[in-house]
Amino acid sequence: MDPFSAEGELINIHNAFHQGQYQSVVDFNTSSFSPENALPARILQLRAQLALGNTNEVLGDVEGEEDTPDLAAVKALALYVKGDVDGASQLAEDLAANFDDTATVQVLAGTVLQGAGKSEEALALLGKHQGSLEAVALIVQVHLQQNRSDLALKEVQAAKRWAQDSLLVNLAESWVGLRVGGEKYQSAFYVYEELASSDNTSAPLSIVGQAVAEIHLGRLPEAEAAISAALDRYPDDASLIANSIVLNVLAGKPSEDLEKRLQETDPSHALLTDIQEKNELFDAAAAKYLAKVSS
C-alpha cells in the first residue's frame with residue numbers, strides 16, 4: 001500500500017472513531033497496513049470494541065501483550081470499563097510513571113485516572129503530550145468536569161492555533177460552547193449538524209450532540225424526535241438512553257422504564273449515580289421533616 005494512502009486510511013479510522021462509528025472501525029480492513037500504522041489502527045479497533053460493550057473480548061485480545069505500553073493502556077481502560085476501578089487505576093498509575101511519553105498511555109491512562117477521580121494526575125499526564133489532539137480533547141473534558149470553563153476555553157483556543165480544522169478541536173469547542181451558553185449554543189448546534197450531515201451512519205455521537213444543543217435552545221420536540229429515531233436504530237446506546245431520560249424529565253414524562261433500561265445497559269453510568277445520590281439526599285431531607293412532624 002502507498003504510505004500516503006495508508007496514512008490517509010489511518011486518519012479515516014480516527015475520524016470514524018471520534019464520530020462514534022464504532023462498528024465501522026471494527027470492520028475496517030487493516031491487513032495491508034505497515035507495522036508503523038498497524039498498532040495505532042489496532043488500538044482504535046480495540047477501543048471501538050470497548051465502546052460496543054465487548055470488554056471481555058478486548059481483555060482476551062491483549063492478554064500476554066502487556067509488555068507493549070499501548071496494549072497495557074488498553075487493558076487498563078478495559079478493566080475500568082468492566083468495573084475494576086482499583087486494578088485499572090493501579091495499572092494506569094504504573095504506566096504513567098514509566099511510559100508518560102507514549103501517546104496512547106497519555107490518553108487511555110489519563111482517561112482511567114480521571115474516571116477514578118484523580119483529576120490532577122490525569123492532567124499532569126495529559127499535559128505531557130506533543131501535539132496530540134486526543135489529549136487536548138480530554139484535557140478540555142477534565143476542565144469542564146471541574147467546572148473550569150475558563151481553562152477549557154483556553155485549551156481550545158491554544159489548540160486552534162495549530163489545528164484549526166480538526167474534528168476533535170471543533171468538537172471540543174462545541175463542548176465548551178454548550179457549557180458557556182448564550183450564542184454558543186447555536187454555534188455548537190452547527191458543529192453537530194455538520195458532523196451529522198457528513199456521517200452516513202447517523203452515529204449516536206452526532207445525534208446526542210445535536211439533541212443537547214436543541215435542548216439548550218429550547219427546541220424540545222426536535223431534540224425528542226432526534227433521540228427517539230436514534231434509539232430505534234441503537235437501542236442499547238447508553239448515551240442515547242441517558243439523554244432520553246433527561247428529555248422525559250424536562251417534558252414532565254415518566255422515565256422509570258428508561259432508567260431500568262440504562263441500568264441494564266450501563267449500570268455504572270454517571271446519570272444513574274447522580275439519580276441515586278439525589279434520591280438519597282431527598283430521603284434524608286424527608287426523614288428530617290418527618291421526625292419534626294412526628295414530634
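The values are calculated or read from the model by the stated rules, or taken from the named source; none is laboratory data. Since the structure is predicted, the reported quantities are computational estimates derived from the model, not experimental observations. Don't worry about glycine lacking a Cβ; one is built from the backbone with ideal geometry, like all the others, and counts go over all protein chains shown. Surface accessibility is based on the protein's heavy atoms, side chains included, excluding ligands, DNA and RNA. Shrake-Rupley method; radii C 1.70, N 1.55, O 1.52, S 1.80 Å.
Some notes on this structure:
- Taking region 163-194 as the range and being in a loop (DSSP other than H, G, I, E, B) and either within 23 Å of A16 (Cβ to Cβ) or among the polar types (S, T, N, Q) (or both) as the test, the residues that pass are A163, Q164, D165, S166.
- Residue list for region 215-244, filter: surrounded by 14 or more Cβ atoms within 10 Å (Cβ to Cβ), without any contact (Cβ under 8 Å) to a residue 24 or more places away in the chain and either outside any helix (DSSP H, G or I) or charged (D, E, K, R) (or both): R219, E222
- Failed condition for N147, given (1) among the polar types (S, T, N, Q); (2) touching a Lys or Arg at 6+ places or on another chain (Cβ under 7 Å); (3) loosely packed, with under 14 Cβ neighbours inside 10 Å: (2)
To keep it simple, each residue is scored yes or no on (1) out of contact with any Ser or Thr (no Cβ under 8 Å at 6 or more places or on another chain); (2) within 21 Å of A158 (Cβ to Cβ); (3) among the polar types (S, T, N, Q).
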residue	(1), (2), (3)
G64	yes, no, no
L71	yes, no, no
K118	no, no, no
V140	yes, yes, no
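- Candidate set from region 10-33 (those that are in a loop (DSSP other than H, G, I, E, B) and aromatic (F, W, Y)); member that is least open to solvent (accessible area, probe 1.4 Å): F33
- Test for L133: is it over 23 Å from A51 (Cα atoms) and either aliphatic (A, V, I, L, M) or touching a residue at least 12 places away in the same chain (Cβ under 8 Å) (or both): no
- When region 245-260 is filtered for residues that are open to solvent by less than 20 Å² (accessible area, probe 1.4 Å) and among the hydrophobic types (A, V, I, L, M, F, W, C), the ones remaining, listed by number, are I245, L247.
- Some residue of region 121-139 being in contact with a Phe, Trp or Tyr (Cβ under 7 Å, 6 or more places away or on another chain) and crowded, with 19+ Cβ neighbours inside 10 Å: no
- Residue check for A103: open to solvent by 50 Å² or more (accessible area, probe 1.4 Å), within 20 Å of A172 (Cβ to Cβ) and in contact (Cβ under 8 Å) with a residue 12 or more places away in the chain: yes
- Among residues of region 195-207 being assigned to a helix (DSSP H, G or I) and open to solvent by 40 Å² or more (accessible area, probe 1.4 Å), the one that is modelled with the highest pLDDT is L205.
- Cβ-Cβ under 6 Å pairs, at least 6 apart or on other chains, region 258-280 side within 16 Å of Y234 (Cα to Cα), far side surrounded by fewer than 17 Cβ atoms within 10 Å (Cβ to Cβ): T265/D236
- When Q263 is tested against the conditions (1) open to solvent by 20 Å² or more (accessible area, probe 1.4 Å); (2) modelled with pLDDT of 90 or more, the lone failure is (2).
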